[in-house]
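Some notes on the structure that comes next.
A short reminder: the numbers here are calculations on the coordinates, not readings from a lab. The model shown is predicted, which means the values in this text are computed figures rather than measured ones. A quick note on method: Cβ atoms are made from the backbone with ideal geometry, for glycine too, and the neighbour counts reach across all protein chains shown.
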Amino acid sequence: MAKLEPRRVAGFLAAPGATLGATRLVLLHGDDAGLVRERATMLLRAVLGGEDDPFRLAEVTREAAARDPRLLADEAAAVPLTGGRRVVRVRDAGDALAPAAERVLQAERPGGGPGAAPGGLVLLEGGELPGRSRLRALLEPAEGALVIACYRERGAELGQAIVAILDELGVKADRGAVDWLSQRLGEDRLLMRRELEKLALYVGEGGRVTEDGAAACIGEGTTLDLEEALMAATVGDAVATDRALEAAFAEGETAVGVVRAALRHLQRLQSAVLAMQGGATPQTALAGLRPPVFFRHRPAFERALRLWSPARLDAAGAALLETERRTKTTGLPENAVARMALLDVARMARR
């Protein structure tokens with residue numbers, strides 16, 4: 001028990017069984033708040049059959065648990081009026097709860113003896129806790145505790161999560177659609193699930209999500225506007241760059257986000273240009289990129305491949321790095337600085 005390895009998390013959550021039965025305290029922590037919430041919900045269902053049983057679920061505030069280290073152990077030891085196992089839930093858990101967590105692990109088990117039932121389950125939901133965290137240091141080696149990291153999923157892991165959620169919602173997806181969704185829905189599991197639920201309603205139960213369908217349903221907004229701006233910049237279209245960038249800013253995109261997205265775009269472009277110098281055709285070089293280029297952007301991306309050399313891409317990347325520094329240190333209007341940087345890329349493409 002104690003720290004659960006990432007490769008075992010999915011199997012455990014699907015069938016917590018005896019492992020959860022012998023556990024007294026679970027800590028969910030990580031930088032993906034939506035994933036923390038989703039996994040907490042799964043554990044609550046495994047124990048309670050839902051989230052809203054007022055007799056078996058006790059919500060304790062972080063402040064109250066930190067103020068009285070005995071509170072969590074006392075709550076976990078309480079016997080529900082309706083029978084069954086009790087869950088004590090604390091959100092926004094941090095190191096201040098280490099003394100309370102230690103009391104839970106040290107509390108006498110109902111019936112006494114090491115083989116006795118563990119009593120109630122304490123469920124701590126935290127943010128990103130460093131490896132030197134007092135709470136993690138206490139719980140990761142402890143008998144009766146389970147620590148599950150909930151970090152943002154990327155790459156193949158994110159694609160698998162998207163496929164799993166869509167399967168759960170009764171729809172399938174083409175590989176191109178999964179790749180496209182992976183580029184846009186990886187920031188927060190809760191937000192990703194909401195977007196996929198909307199997509200499942202769009203295609204209908206038993207339907208199939210295509211790349212075009214995914215873009216039609218959830219492609220509007222900041223991400224697509226920003227990609228339009230990047231594509232326009234690297235083919236030298238300053239007017240389209242400025243228009244799409246204005247829309248991205250209106251949707252909430254940040255200056256630093258624009259600059260970093262531009263850097264990633266130039267890196268992908270350079271990777272494909274180098275492949276062409278090695279003998280690949282533009283189409284083959286483009287097809288080799290991972291994640292794939294969105295199908296609507298492929299013509300612009302292929303055109304950009306013919307305009308840029310590795311040396312010029314290096315120069316444009318260095319200029320963007322300097323722009324990122326300026327957005328943080330000069331006090332100039334951030335959006336204006338990022339806008340000028342992207343328009344400079346468009347001017348370089350025209351030259």
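Over its Cα atoms, what ratio of radius of gyration to 2.2 N^0.38 Å does the chain give?
1.23
Between Val256 and Thr210, take the C-beta separation as r, use R0 = 25 Å, and let me know the FRET efficiency to the nearest 0.05.
E between Val256 and Thr210, to the nearest 0.05, is 0.15.
Show the residues, 5+ positions off or on another chain, whose built amide H is closer than 5 Å to the amide H of Lys3.
Long-range HN contacts for Lys3: Val147.
Taking the Cα centre as origin and putting +1 on Lys and Arg beta-carbons and -1 on Asp and Glu beta-carbons, what dipole magnitude results for the range 155-218, to the nearest 20 debye?
80
Which listed residue (Leu245, Leu181, Leu286) has the Cα farthest towards the positive end of the charge dipole for the chain, taking +1 on Lys and Arg C-beta and -1 on Asp and Glu C-beta about the Cα centre?
Final value for the positive-end residue is Leu286.
Each residue of the range 269-279 in turn: what ³J(HN,Hα) in whole Hz from Karplus with 6.51, -1.76, 1.60 and θ = phi - 60°, glycine and Pro shown as x?
4, 5, 4, 6, 4, 5, 5, 5, 5, x, x
Which whole-Hz ³J(HN,Hα) couplings does the range 298-308 yield from phi under the Karplus relation 6.51 cos²θ - 1.76 cosθ + 1.60, θ = phi - 60°, glycine and proline marked x?
For the range 298-308, the Karplus curve yields 4, x, 5, 5, 5, 5, 4, 4, 7, 9, 10 Hz.
Once you have a ≥ b ≥ c as the square roots of the Cα gyration tensor eigenvalues for the range 204-351, tell me rounded if a/c is under 1.5, and otherwise prolate or oblate according to whether a/b is larger than b/c.
It comes out oblate by the Cα gyration axes.
Rounded to whole Å, give me the distance from the Cα center of the range 279-351 to that of the range 26-58.
Between the Cα centre of the range 279-351 and that of the range 26-58, the gap is 43 Å.
Just how large is the dipole of the chain about the Cα centre, in debye to the nearest 20, putting +1 at every Lys and Arg Cβ and -1 at every Asp and Glu Cβ? It would help to have the intermediate numbers written out before the result.
On the way: 47 positive and 48 negative charges, 162 e Å.
Roughly 780 debye for the chain.
Tell me the relative contact order for the range 222-350 as a rounded percent, counting alpha carbon contacts under 8 Å between residues six or more apart.
Computed over the range 222-350, the figure is 39 percent.
Please list, ordered by chain and number, the residues whose modelled amide H lies under 5 Å from the amide H of Leu57; skip anything fewer than 5 residues away on the same chain.
Close amide H contacts, sequence-distant or interchain: Val87.
Just want the ordering: Ser309, Ser133, Ser271, Ser182, from fewest to most Cβ atoms lying within 10 Å of their own Cβ.
Final ranking by Cβ density, sparse to dense: Ser309, Ser271, Ser133, Ser182.
Give, as a single signed number, the net charge of other residues whose beta carbon lies under 13 Å from the beta carbon of Glu75, with Lys and Arg counted +1 and Asp and Glu -1.
Residues close to Glu75 contribute a combined charge of +4.
Nearest 500 deg cm²/dmol is fine: what mean residue ellipticity at 222 nm does the chain get from its DSSP H runs of n ≥ 4 alone, each adding -39,500 (n - 2.57), divided by its residue count?
Per the formula, -17500 deg cm²/dmol.
Near Arg312, within a Cβ-to-Cβ distance under 13 Å, what is the net charge of the other residues, with Lys and Arg +1 and Asp and Glu -1?
Once positives and negatives cancel, what remains is +2.
Ranked highest first by the average count of other Cβ atoms within 10 Å around their residues, in what order do 14-21, 120-127 fall?
Result, highest mean Cβ count within 10 Å first: 120-127, 14-21.
For a quick check: with amide H placed at 1.01 Å from N, whose amide H comes under 5 Å from Ala173's, ignoring anything fewer than 5 positions away on the same chain?
Val209
Within 15 Å, Cβ to Cβ, of Ala287, how many net charges do the neighbouring residues add up to if Lys/Arg are +1 and Asp/Glu are -1?
Working: positive: Arg175, Arg268, Arg290, Arg298; negative: Asp179, Glu211, Glu302.
Neighbourhood net charge equals +1.
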